[in-house]
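Student: Structure in structure tokens, see below.
The values are calculated or read from the model by the stated rules, or taken from the named source; none is laboratory data. Keep in mind that this is a model prediction, so the values were computed, not measured. So basically every Cβ, Gly included, is an ideal-geometry build from the backbone, and we count neighbours across all protein chains shown. Just the protein is used for accessible areas: all its heavy atoms, side chains included, with ligands, DNA and RNA removed. Shrake-Rupley method; radii C 1.70, N 1.55, O 1.52, S 1.80 Å.
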Amino acid sequence: MTAVDTAPAETATGGGARLARRAFAVRELGIALALVLLVVTTTVVNPRFLSAQNLKDLLLGSTILAILAVGQAVVVITRNVDLSIGSILGLSAFATGAVFVAVPGLPIPLMLVIGTALGAVLGAVNGGLIAAARVPALVVTLGTLYMFRGVDYMWATGRQINAADMPAAFLGMGTATVLGVPVLALFAAAVLVAVGYVLRNHRSGRELYAIGSDPAAARLSGIPSGRRVFYAFVTSGALAGLAGVLHAARFGTLDANAGLGTELNVVAAVVVGGVAIFGGSGSVYGAALGAVLLTTIRAALPVLGINPFWQDAAVGALILAAIGLDRALSARVARSLRERKAHV
Amino acid sequence: MPTPLLALDGVSKSFGAVAALRDVRLELHAGEAHALVGENGAGKSTLVKILAGVHAPDAGTVTLDGRPLLLSGPADARAAGIAVIYQEPTLFADLSVAENIFMGRQPLRSLRRVDYAAMRERAAELFARLGVRLDPDRPARGLSIADQQLVEIAKAISLDARVLVMDEPTAALSGIEVERLFAVARSLRDAGTAVLFISHRFDEVFALCQTVTVMRDGRWVSTDPAGTLTVDEVVRRMVGREVSAMYPKQDTAPGEPRLQVRGLTRHGVFDDVTFTVHAGEIVALAGLVGAGRSEVSRAIFGVDRHDAGEVLLDGSRLPNGDTAAAIRAGLALVPEDRRQQGLVMELSVERNTNLPRRWRLSRGGLLFGGDERRAATTWAQRLQVKAGRLTDPVSTLSGGNQQKVVLAKWLATAPKVLIVDEPTRGIDVGTKAEVHRLLSQLAADGVAVLMVSSELPEVLGMADRVLVMHEGRLTADIPRARADEQSVMLAATGQAAAA
Ligand SMILES: Nc1ncnc2c1ncn2[C@@H]1O[C@H](COP(=O)(O)OP(=O)(O)OP(=O)(O)O)[C@@H](O)[C@H]1O
Ligand SMILES: [Mg+2]
């Protein structure tokens, strides 16, 4: 994290636009650097940390968090938050098991579609409530967090679905690799590229940034804010649903507690990844990097011989550092933009 | 008369107990520029927002081409060919200037991707047409209020609309930019666009418009061809009484130097700015938009740091970039951008008025509602703030009334040196005279006043001395006796050597 600190503002004279763009590029670069630093340090302490197997495990471990973080970033960019994703993941994971129990021969792609669609429906519930009740997303999704989990509990009471209940091919997907890269990680990469592409290149994606940047101005500009935010929640829900299916494939054993508490991890990844919690800026690439960084830290701390008790504290410190850095960075960018002449 | 392009008939609109519009009518014709004038809070912006689809009228009809027009949102208005420049710029701070202009209508290339290069190019073309050289790539965050208005103007003209509505687009612009805007507006008008123009500057109204509609207290008063009206007549209809003595600066003998600025420099923004303001003096800082006037005033106040030079108040040096120290030393700055720098929009009028004075008002750290209300009421009355209740949030006030709250807030600190940046932006004639009387009174009481203003009559009427900036440098220091339109404009455009 320290590496970013020096880079941007020193070049204040070099033009605000370039500076600002750099600050954002640097933001993602900074996370990447922190990641490299962490991996190098840990490897020096314990060379086995960089083994192919361990790297694969790391990627695998980041996958689900990264997919969730991408969906969350879409929501956070619009100045909202989705706390229900952990419950959506849980519900979708259990549904995966239940469907396979009922229809053992179901093709895997179809299962992926079903899980994603279930998530999308639950996301639509969130989006619909927010649009209809005009209640802040924080409150609505806090409510649905408990509601969805409650449904999950009711459905799964006393039941547990084991690996034996699911097709071997499906479970194999959880650990399979293509040219050494886990298949699950490929899913995450595909999601990342697709969502990143839309946010960057499509009008609707740009409008999400506009909404988060200034909701009132967005309304005055005729942006269909309600609809866009609704679809942001559908996206977030759908990705959580997809993540639920992948969760089932990876872990095999399912009960009603799958994904419990994940939402805070995901918000942490998004914030560490440089997506402004007040919306309007940041990227899904940053959010995904944040997810990888958090996973790596959790894997690295034991290797570095740090008491597991401190792990959460370390993650917390990282979040605070990221937010502090964001503040400092945006204050400096804002100041240099203000102080600089706008006319070229 | 042919059928009007756009017509409002019997339109009313209330916000709770406040009746902002009552039975208002208005007809806009193709190829005609129509002025809408009225005091602060007369309901002009509310009418604009009805045309923009932001507010739905409580009663009355809007017709386009003689057919009823139902607007359920700003998108509908845009689709109907109505382009609106709102009084308060509504930009997305995080996005680039070009993206702000084309949001929702970005040029596309294959696969419906946003074509950033084309967007940048078209933004640059728009700015060229307006004669400004704004960087389309920079984020909107940090743009001066004048630049924000220029972006809004670029956005509106890029729509190629049939009806162009401009709510005080010129309030922060100086003569040259206004001329360029008018040139564009005239060419649009001549091409058949109906233009609705709102301004508190009557010279502009008469320079651009063929028809003038006057409003008072939410009611329609009159609509006449501009040729048959005089400024005095318009003012009388607006205010309902005679308004005299527009710029009553009393002559005072300047006292000892109060504010001394020596060699103030910020690289790339302003360079070697040196001047002195004496007690009892009003010094105006004139120049074009982007000349660096606001930047200088912010550097003096310590909002921004400077790279070289010094600022002295009563002979003692102010620390660089320390606003708190500047306030303690007796400096006050009324900023140009009231939304971003002057007001807390969601707080009430009285809270806003008392923000910088809270410490003095509090007894043992507690704020007492009664005192706060009394102090706020005094200033609000002197400046004729028109608000439903002082406890209403500032965001519900009309633009001019918000400006009065900003002024009240800083005047109440009883400063030794008062820097005002566009003090009367968006303020109507009657109150403008009151603001000028207040500034003059403050000067007579020994306050040194530095006034940044883009409005030439205000500069010429109020200032003991006029400093003119051009591209970051002081190009002239003109005493009141020799200051006139020509000498100031020449210096502002860089055609006169330092006097
Ligand atoms: N959203 C709102 N809520 C409550 N009152 C409002 C709201 N918008 C406007 N008003 C009130 O309606 C009246 C008319 O305001 P409006 O903004 O139309 O005035 P205006 O003619 O544009 O004035 P100015 O010249 O100062 O811009 C004012 O009394 C204002 O306080
Ligand atoms: Mg107004």
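Student: If you count only protein heavy atoms with a 1.4 Å probe, what accessible area per residue comes out for the protein assembly as shown, rounded to a whole Å²?
Tutor: About 39 Å² of surface per residue is accessible.
Student: Taking a probe of 1.4 Å and counting only protein heavy atoms, give the total accessible area buried between chains A and B in Å², rounded to the nearest 100.
Tutor: Working: alone 16100 and 20580 Å², together 33130 Å².
Chains A and B together bury roughly 3600 Å² of accessible area.
Student: Report, to the nearest 10°, how far helix A:108-133 tilts away from the longest principal axis of the Cα atoms in chain A, using its own Cα long axis and a range of 0 to 90°.
Tutor: 60 degrees
Student: Quick one: net charge of B:Arg67's neighbours, Cβ under 14 Å, K/R +1, D/E -1?
Tutor: Overall, the nearby charge balance is -2.
Student: Along the positive direction of the dipole of the protein assembly as shown (beta-carbon charges: Lys, Arg +1; Asp, Glu -1; about the Cα centre), which of A:Gly196, A:Leu89, B:Val18 reaches farthest?
Tutor: With unit charges placed on the Cβ atoms, the residue in question is A:Leu89.
Student: Moving to a separate point now. Using a 1.4 Å probe over the heavy atoms of the protein chains, calculate the carbon and sulfur portion of the accessible area of the protein assembly as shown as a whole percent.
Tutor: 58 percent
Student: Rounding to the nearest 10 and keeping the result within 0 to 90°, find how far the Cα-based axis of helix A:183-201 lies from the longest principal axis of chain A.
Tutor: On a 0 to 90 degree scale, this one is about 40.
Student: Compute the distance from the alpha-carbon center of region B:453-490 to that of region A:237-293, in whole Å.
Tutor: Cα centroid to Cα centroid, the span is 60 Å.
Student: Quick one: which bits of region A:182-227 get at least 50 Å² less accessible when the partner protein chains are in, versus the chain alone, with a 1.4 Å probe?
Tutor: Listed by number, the residues meeting the 50 Å² cut-off are A:Asn201, A:Arg203, A:Arg206, A:Ser213, A:Leu220, A:Ser221.
Student: Compute the FRET efficiency between A:Phe278 and A:Ser204 as 1/(1 + (r/R0)^6), taking r as their Cβ-Cβ distance and R0 = 25 Å, and round to the nearest 0.05.
Tutor: So, using R0 = 25 Å, E works out to roughly 0.75.
Student: Something else about it: Beyond a 32 Å Cα-Cα separation, which of these cross-linked pairs lie in this structure: B:Lys44/B:Lys416; B:Lys155/B:Lys416; B:Lys44/B:Lys249; B:Lys249/B:Lys409; B:Lys249/B:Lys386? Display every interim value, and only then the final one.
Tutor: On the way: B:Lys44/B:Lys416 37 Å; B:Lys155/B:Lys416 41 Å; B:Lys44/B:Lys249 30 Å; B:Lys249/B:Lys409 22 Å; B:Lys249/B:Lys386 25 Å.
Exceeds cut-off: B:Lys44/B:Lys416; B:Lys155/B:Lys416.
Student: Rounding to the nearest 10 and keeping the result within 0 to 90°, find how far the Cα-based axis of helix A:262-272 lies from the longest principal axis of chain A.
Tutor: 20 degrees
Student: Let me ask something else. Would you grab the residues whose amide H sits under 5 Å from the one on B:Gly446? Only those 5+ places off in sequence or on another chain, please, with H modelled 1.01 Å from N.
Tutor: B:Gly280
Student: Explain nothing, just the number: dipole magnitude of region B:457-499 about its Cα centre with +1 on each Lys and Arg Cβ and -1 on each Asp and Glu Cβ, in debye rounded to the nearest 20.
Tutor: The dipole magnitude comes to about 120 debye.
Student: Can you send over the solvent-accessible area of B:Glu32, 1.4 Å probe, protein chains only, in Å² to the nearest 10?
Tutor: Surface accessible to solvent at B:Glu32 totals approximately 30 Å².
Student: What is the mean number of Cβ atoms from other protein chains located within 10 Å of the Cβ atom of each residue in peptide B:92-104, rounded to a whole number? Intermediate values should be presented prior to the final figure.
Tutor: Working: counts 13, 7, 15, 7, 3, 2, 0, 3, 4, 0, 2, 11, 10.
Taking the mean over all residues of the peptide, I get 6.
Student: Mind listing the long-range amide H neighbours of B:Ser222? Cut-off is under 5 Å, sequence gap 5 or more, other chains count too, H placed in the peptide plane at 1.01 Å from N.
Tutor: Here the answer is B:Val214, since their amide H atoms fall under 5 Å of that of B:Ser222.
Student: Additional query: Sorted from largest down, what three extents in whole angstroms do the Cα atoms of region A:46-327 have along their principal axes?
Tutor: On the principal axes, region A:46-327 reaches 56, 46, 35 Å in Cα extent.
Student: For the ranges B:466-476, B:127-137, what's the packing order if you count other beta-carbon atoms within 10 Å of each residue, average per peptide, and put the highest first? Provide the component values of the computation, followed by the final result.
Tutor: Working: B:466-476: 22.9, B:127-137: 18.9.
Per-residue mean Cβ counts within 10 Å order the peptides as B:466-476, B:127-137.
Student: Now for a separate question. Enter the mean projected area of the convex hull around the alpha-carbon atoms of chain B, in nm², rounded to one decimal.
Tutor: Mean projected area for chain B: 24.5 nm², to one decimal.
Student: Among B:Ser187, B:Ser294, B:Ile327, whose Cα lies farthest out toward the positive end of the dipole of chain B, if unit charges sit on the beta carbon of Lys, Arg (+1) and Asp, Glu (-1)?
Tutor: Positive-end residue among those listed: B:Ile327.
Student: Give me D for the protein assembly as shown in µm² s⁻¹, whole number, from Stokes-Einstein with Rh from the Kirkwood sum over alpha-carbon pairs, 20 °C and 1.002 mPa s.
Tutor: 72 µm²/s
Student: Grab the other residues whose beta carbon is less than 10 angstrom from that of B:Gly131, score K and R as +1, D and E as -1, and report the net.
Tutor: Net charge around B:Gly131: +1.
Student: For n ≥ 4 DSSP H runs only, could you compute -39500 (n - 2.57) per run for chain B, divide by its residues and tell me the 222 nm figure to the nearest 500?
Tutor: Rounded to the nearest 500, the figure is -9500 deg cm²/dmol.
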